[in-house]
Amino acid sequence: MQMLLRRTLAEAQRQHESAPDVLALRDVLAATEQGLEIESCSCKAAVTKHTYCSAVFNRKSTTSGYYRIRPRADREPFLAFCDMSDGGGWTVLQRRSNGKENFNRKWDEYKLGFGKFQGKNDEYWLGNEHIHDLLARGENSLKIDLMDWHGERRYAIYENFQLASEEDNYRLWFGTYSGNAGDALSGGSNFEDQWSASHRGMQFTTSDKDHDQFLTGNCASENKGGWWFNRCHAVNLNGRYYKKGRYSGPHDDGLVWSTWHGTWYSLKYSAMKIRAPFFVDSESGDGENSQSR
Ligand SMILES: [Ca+2]
């Protein structure tokens, strides 16, 4: 089986087959070599075909929806939304779209994941443990899709997105930025902002587990959601969902991407999604997201 896959992969690469096909084969091969399983299910109506999730992707025949994936053979499979638009092959880690889900939650809920895994716009957090396991499989790019209350869309891509294990409190790492939303994860344009608000190298903080750099308080308590807080943030996609955009209050606790609309504007939509960098190189990243599809 592995021999056959290797041969097929080599053949595909020789013939410059489309990136998704090559990647799919590479993933399947890697999975079988590591003894891992990647399976799919027909759990909900959104899944119309029995196919692999990120492993087997075919732009023409694969449908976005919830698939059961299993990055580690010694752990149970779990549901995640596979975004087959926007170049395809994306595993969605987080989505905000309507404010129906409560994101002001504790460590264990962020660890294991929460939300609704049914409709294509349902809000959820995949879970730090699942995200860590997915990222441990190989290099990944993170793409963040954003939309404001006028329907305008922006995006940010970060290469080499990584998450440490729980022992290191899911410490965040990411590489080079590209996109049109601004490099808010790095904290903003000036040194002072970066010192206080860059999320690079930060551990995850929730209201019940404080690992931020804010010595006299807890950023997650102030900002109503778990995140890789510094002192405190330039980005908080897990903040409060305000239904108008501009908001005010004692803390800038909205769904924030500071380099686009500032910290006192709460966005209408966000999605965090990952895939192998091979895909990103072959696509320019058009800023689209799957929300209207
Ligand atoms: Ca603190």
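The values are calculated or read from the model by the stated rules, or taken from the named source; none is laboratory data. These numbers were taken from a predicted model, which means no experiment stands behind them. Methodologically, a virtual Cβ is constructed for each residue, glycine included, from the backbone with ideal geometry; neighbour enumeration extends over all protein chains shown. Calculation scope for accessible area: heavy atoms of the full protein, side chains included, ligands and nucleic acids excluded. Shrake-Rupley method; radii C 1.70, N 1.55, O 1.52, S 1.80 Å.
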Any hit, region 233-246, residues being within 15 Å of the ligand (Cβ to nearest atom), touching a residue at least 24 places away in the same chain (Cβ under 8 Å), among the basic types (K, R) and in a loop (DSSP other than H, G, I, E, B): no
Selection status of N169, farther than 22 Å from L255 by Cβ, within 16 Å of the ligand (Cβ to nearest atom) and crowded, with 16+ Cβ neighbours inside 10 Å: yes
Every pair of residues 6+ apart whose Cβ atoms lie under 9 Å, when the first sits in region 258-273 and is under 12 Å from G239 (Cβ atoms) while the second is β-branched (V, I, T) and open to solvent by less than 10 Å² (accessible area, probe 1.4 Å): S258/V235; T263/V256; W264/V256; Y265/V256; S266/V256; L267/V256; S270/I144
Condition check for N230: closer than 21 Å to N160 by Cβ, touching a residue at least 40 places away in the same chain (Cβ under 8 Å) and either assigned to a loop (DSSP other than H, G, I, E, B) or within 15 Å of the ligand (Cβ to nearest atom) (or both): yes
Strands (runs of 3 or more DSSP E) enclosed by region 71-161 - at least 2 residues per element that are aliphatic (A, V, I, L, M) and open to solvent by less than 20 Å² (accessible area, probe 1.4 Å): 90-96, 141-147, 153-158
Residue that is surrounded by the fewest Cβ atoms within 10 Å (Cβ to Cβ), among those in region 182-225 that are in contact (Cβ under 8 Å) with a residue 60 or more places away in the chain and within 13 Å of the ligand (Cβ to nearest atom): D208
Scan of region 258-270 for residues that are closer than 10 Å to D148 by Cα and of a type outside the set (S, T, Y), ordered by number: W260, H261, L267, K268
Verdict on H251 being buried (at least 17 other Cβ atoms within 10 Å of the Cβ), within 16 Å of the ligand (Cβ to nearest atom) and either touching a residue at least 40 places away in the same chain (Cβ under 8 Å) or in a loop (DSSP other than H, G, I, E, B) (or both): no
Where Q203 falls short, out of the listed (1) within 18 Å of W264 (Cβ to Cβ); (2) modelled with pLDDT of 95 or more: (1)
